[in-house]
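*Asks:* Please see the structure below; I have some questions.
The values are calculated or read from the model by the stated rules, or taken from the named source; none is laboratory data. Keep in mind that what you see is a predicted model, and the values were worked out from it rather than measured. Here Cβ is always computed from backbone atoms with ideal geometry, including for glycine, and neighbour counts include all displayed protein chains.
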Amino acid sequence: MIGGAGFVPFPSRPAPHIEGMFTIRAARDSLADLPAIETARLSVAALRLEDAQALRRLTDDPAITAAVDFLPAPFTLQDAEDLIRSGTRGQDRFLGAWTRESGGTGAQQSSAGRDLVGVVGTHLRGAGVIEIGYWIGGAARGRGYAFEAVSAVIAFLGGRFPARSVVAECRPANIASWGLLEKLGFQDSGEEGHRPGRRLLRRA
């Protein structure tokens, strides 16, 4: 009863341990702290500013800039640095897929002496969706690197964000990418993507 001996008024500010519980529950999903992921042939890790030159060399390719609508052409060193810096906000993160050196793992290896063969983009979309995309350098295409890198990233994201569905956008005319996405478990949703000419695919 109000005012009786058993009534304890709720404080205007929660006790520290209670406040901490609410803070943890209210924390927003973030991609800012994604760890390196090791596969049989690749180390997939968030791109750093020191990787900008390698990113520029890989991405300044008309076949890539024409296929990925947010990439400018030509793709300059400044563009590479800006793309990498965009990951600090936590909503988007671009991961480099590097060939692995023997005898080391992602955190122990520098990018020197390794080849950047591709990029996997991860993007938080609204409350329940995460979008993935990728591009692979010309010399590395046809060797299974895209499937190896993207499948590893998807597996990790499924554990980190189990409440989010994974989607991708692709032009139906891009037969190679469409086929890869189907191989990765994506299906055409029947919806148009946000980007012109693209369809939205959802992972089953």
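So that you can scan it fast, the table gives a plain yes or no per residue for (1) crowded, with 18+ Cβ neighbours inside 10 Å; (2) of a type in the set (Phe, Trp, Tyr):
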| residue | (1), (2) |
| --- | --- |
| 65 | yes, no |
| 75 | yes, yes |
| 80 | yes, no |
| 86 | no, no |
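*Asks:* Restricted to the stretch 86-101, and to residues that are touching a residue at least 24 places away in the same chain (Cβ under 8 Å) and among the charged types (D, E, K, R), which residue is farthest from residue 130 (Cα to Cα)?
*Replies:* 100
*Asks:* When the residues of the stretch 61-77 are filtered to those that are assigned to a loop (DSSP other than H, G, I, E, B) and of a type in the set (A, V, I, L, M, F, W, C), which remaining residue is farthest from the chain's Cα centre (by Cα)?
*Replies:* By that ranking, first place goes to 73.
*Asks:* Considering only residues that are closer than 15 Å to residue 140 by Cα and touching a helix residue (DSSP H, G or I) at 6+ places or on another chain (Cβ under 7 Å), which ones fall in the stretch 45-58? Break it down stepwise before answering.
*Replies:* First, pick out the residues of the stretch 45-58 that are closer than 15 Å to residue 140 by Cα: 54-55, 57-58.
Matches in the stretch 45-58: 55 only.
*Asks:* Now for a separate question. Name the residues in the stretch 84-141 that are of a type in the set (S, T, N, Q), modelled with pLDDT under 90 and outside any loop (DSSP other than H, G, I, E, B), would you? Reasoning before the result, please.
*Replies:* So in the stretch 84-141, the residues of a type in the set (S, T, N, Q) come out as 86, 88, 91, 99, 102, 105, 108-111, 122.
Filter once more, keeping what is modelled with pLDDT under 90: 88, 102, 105, 108-111.
Across the stretch 84-141, the qualifying residues are 88, 108.
*Asks:* Return the total of residues in the stretch 162-175 being in contact with a helix residue (DSSP H, G or I) (Cβ under 9 Å, 6 or more places away or on another chain) and closer than 19 Å to residue 66 by Cβ.
*Replies:* Kept after step one, since they are in contact with a helix residue (DSSP H, G or I) (Cβ under 9 Å, 6 or more places away or on another chain), are these residues of the stretch 162-175: 164, 166, 168, 170-172, 174.
Restricting the remaining residues to those that are closer than 19 Å to residue 66 by Cβ gives 168, 170-172, 174.
Here the count works out to 5.
*Asks:* When you check residue 156 against the structure, is it in contact with a helix residue (DSSP H, G or I) (Cβ under 7 Å, 6 or more places away or on another chain) and of a type in the set (Phe, Trp, Tyr), yes or no?
*Replies:* So residue 156 does not fit the description; no.
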